[in-house]
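See structure below.
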Amino acid sequence: MSTTSKQSGTNVHEIADGIYRINTPVRFEGAGGFTFNQYLVADDEPLLFHTGPRKMFPLVHEAVARVLPVKNLHYIAFSHVEADECGSLNEWLAAAPQAMPLCGAVAAMVSINDMADRAPRALADGELISLGTHHLRWLYMPHLPHGWDCGFLVEEHTATLLCGDLFTQGGDDLPVITEGDILGPSEAFRHRMDYFSHTKNAGVLLERLAATGPTTLACMHGSAWRGDGAQLLRELAAALAA
Ligand SMILES: [Fe+2]
Ligand SMILES: [Fe+2]
């Protein structure tokens, strides 16, 4: 499985058992290349983590359809409310009549109860949901890297952390998944465009993520990563504290 749109370069690859990375490269005038990734967890109750920006909906739809029938989607999940995280939420709810938005309690209360065409399932911190083989735990991570409503999902069957905007790497020609350095490139990106809130709780929150022992980091922007995720998260905490 690879390219699903020759025109945009959108591509899909399985990066862990039953977890597919959908990637679309873009170029911003004067700012260089960037990528938007969504992750599809194929299971009895399939889940899409992040929708992509609203204008990218046809591309992401085409890529999901390459893996499973779009109408089978059960959850449209996201880390926090921004266009690339959930801009096409209502388009997905229309395309998948049984699907519901899945987000943290704060996102539901502040935005999604109003913005979404169907009511969300709102997750409490630490809550576990089962899709069949895959089990995802919601960890509420306020302001890490940004957004009062922010949180992440840890998939326990594959030890995959759906880490959203953490470890954002610039560029549009990165490998699907790497065991190489992503902290250096993501720190370089952060120093050019600082998208972190710099909450004083970052160290405690990152330690909570590290304690889950992830071996795959499903980054939203840039390559996915494989290795000792706990160590890398602690290195990020040290870089933020420096
Ligand atoms: Fe974001
Ligand atoms: Fe993002």
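What the table shows:
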read-out: Contour excess over end-to-end distance, with Cα ends at ASP228 and ASP194 and 0.36 nm allotted per residue; value: 9.7 nm
read-out: Where N is the number of residues in the stretch 142-237, Cα Rg divided by 2.2 N^0.38 Å; value: 0.99
read-out: Quarter of the Cα convex hull surface for the stretch 69-125, i.e. its orientation-mean projected area (nm²); value: 3.5 nm²
read-out: Cα centroid of the stretch 57-115 to Cα centroid of the stretch 153-223, whole Å; value: 22 Å
read-out: Candidate lysines for bridging to LYS6, where Cα separation is under 21 Å - those fewer than 8 sequence places away on the same chain excluded; value: LYS55
read-out: Rg in Å to one decimal, and Dmax rounded to a whole Å, for the stretch 1-124 via C-alpha atoms; value: 14.1, 44
read-out: Per-residue ³J(HN,Hα) for the stretch 206-222, Karplus 6.51 cos²θ - 1.76 cosθ + 1.60, θ = phi - 60°, Hz, x for Gly and Pro; value: 5, 5, 5, 5, 4, 5, 7, x, x, 10, 10, 10, 8, 6, 7, 10, x
read-out: Length added when fully stretched, ALA238-MET109, from 0.36 nm per residue minus Cα-Cα; value: 43.2 nm
read-out: Ranking by accessible area, most exposed first, for TRP225, TRP92 with a 1.4 Å probe; value: TRP225, TRP92
read-out: Neighbour net charge for ILE177 - beta-carbon separation under 9 angstrom, K R +1, D E -1; value: +1
read-out: Convex hull (Cα only) mean projected area of the chain, reported in nm² to one decimal; value: 11.6 nm²
read-out: Residue-by-residue Karplus 3J(HN,Hα) for the stretch 120-126, coefficients 6.51, -1.76, 1.60, Hz, glycine and proline x; value: x, 8, 9, 9, 7, 4, x
read-out: Fraction of beta bridges assigned by DSSP in the stretch 129-224 that are antiparallel (%, nearest 5); value: 65 percent
read-out: Local net charge near CYS219, Cβ-Cβ under 10 Å (Lys/Arg +1, Asp/Glu -1); value: 0
read-out: Net charge of Cβ neighbours under 13 Å - reference ILE112; Lys, Arg +1; Asp, Glu -1; value: -3
read-out: Within the chain, longest stretch free of exposed trypsin sites (Lys or Arg not before Pro) [DSSP loop, at most 16 other beta carbons within 10 Å]; value: 7-117
read-out: Cα-derived Rg to Rh of the stretch 68-170, Kirkwood definition; value: 0.95
read-out: Whole-Hz ³J(HN,Hα) from phi, Karplus 6.51 cos²θ - 1.76 cosθ + 1.60, for the stretch 80-96, glycine and proline x; value: 7, 8, 7, 4, 6, 7, 8, x, 9, 3, 5, 4, 5, 5, 6, 6, 10
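The values are calculated or read from the model by the stated rules, or taken from the named source; none is laboratory data. Given the structure is predicted, the values throughout are model-derived calculations rather than measurements. Note that each Cβ is placed from the backbone with ideal geometry, even for glycine, and that neighbours are counted across all protein chains shown. To get the accessible areas, we keep the full protein, side chains included, count just its heavy atoms, and leave off ligands, DNA and RNA. Shrake-Rupley method; radii C 1.70, N 1.55, O 1.52, S 1.80 Å.
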